[in-house]
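What follows is a single structure, written as structure tokens, with notes after it.
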């Protein structure tokens, strides 16, 4: 590895339709640039509005170098703040989630209103102006219960994504849902490897026996094979006739993608037998088989919506070689555990699938770190999704990188 090369050089040298140079998955300078150019500028999915339904409920996340708290205000508004006290920087909210009357720093008890306003700061001078030390806000937007935060100085556009997502997700009535179960796993791999693994099912037959009871990888959705597949088109027509938009929607910049796919014959949910895991439906269309609605939004989330439940996945980088993957199983709010659903039946397929993916990602991380690794060609049929993700990553980084950053500049 030439440590005099810049991050820009390494990204620019990537061959078309090939994976990335190995150093882009492990070098600390590259990781810091990933944070600076993507994670600290773009919209990052953090959670759902129904997780913080009442005033004072909050969730916390770590977005790269930025600790953030998202809280429901007394006025019902969802707001995001940098989770650092304006006194000496201690985290104001230390728990991953909770409910409070006020936001009170545990260090010196500086107290903030739920809208971020500083209310109390003991032992300060008489001329101390509390109005100058409110919590610093972060950009926050909501789309069909999905809370997105951007920690950047400039607020990115959100309306285009929200308008694109709404028709697809709205029929699934997420506003009337709750989190039935949450899983958090740390994958010892770079965040890009985590997403690359998600964007293809080339590995599925050999690695995901539980998932393949119901999931079908449809290459036509990925744009492979020329004309629209007649069976896929018939499925889309059936769903759309019932009021469920289904045809593939692509963001012009490649950041998000939304479509509906059919499941295997006879399957209507991600369960071992393909039958529903939850009594009742999320949608009210009356269509017996709506398959699975899929959407991803780089760099932080992919999602699956079925007739009986939905799954949201959140990706957050921890280091150059560690990634936190959070999965939430969403069910109707009125559903009762033990009566309308059993946790094991609901979660078994994706608990297994996530762990299998973790093993694959971790093995790949070890391999791409080898001095002998050379980027290989991507399959023109089975890995179009990987290629699309890598193309997006490279285009985004090359567009945003300005000053040359030497690999030796960080660690």
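Values as computed for the structure displayed
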| item | result |
| --- | --- |
| Highest-fluctuation residue, 289, 229, 157 considered, GNM on the chain with Cα pairs under 10 Å | 157 |
| Rg and Dmax of segment 159-368, Cα atoms only, in Å | 16.7, 48 |
| Distance between modelled label sites at residue 273 and residue 359, nm, 7 Å Cα→Cβ extension | 2.7 |
| Computed over segment 1-87: relative contact order in percent, which uses C-alpha pairs under 8 Å that are six or more apart | 16 |
| Cα→Cβ-extended label distance, 7 Å offset, between residue 158 and residue 398, nm | 3.1 |
| Highest-fluctuation residue, 312, 264, 300 considered, GNM on the chain with Cα pairs under 10 Å | 264 |
| Residue-span extension gain [residue 12 to residue 131] - 0.36 nm each, minus C-alpha spacing | 38.1 nm |
| Mean-position separation - Cα centroids, segment 38-115 and segment 264-312, in angstrom | 31 |
| Rounded, prolate or oblate (a/c below 1.5 giving rounded, otherwise prolate when a/b exceeds b/c) for the chain by Cα gyration tensor | oblate |
| Viscosity 0.692 mPa s, 37 °C: Kirkwood-radius Stokes-Einstein D of segment 1-125 over Cα pairs, µm²/s | 192 |
| Inter-probe distance in nm under a simple model that places probes 7 Å from Cα toward Cβ, at residue 203 and residue 240 | 3.4 |
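Any read-out appearing in this document is the output of simple, stated calculations on the displayed coordinates, not a laboratory observation. Worth saying up front: this structure is predicted, and the values here are computed from it rather than measured. Neighbour counts run over all protein chains shown; Cβ positions are idealised from the backbone, glycine included.
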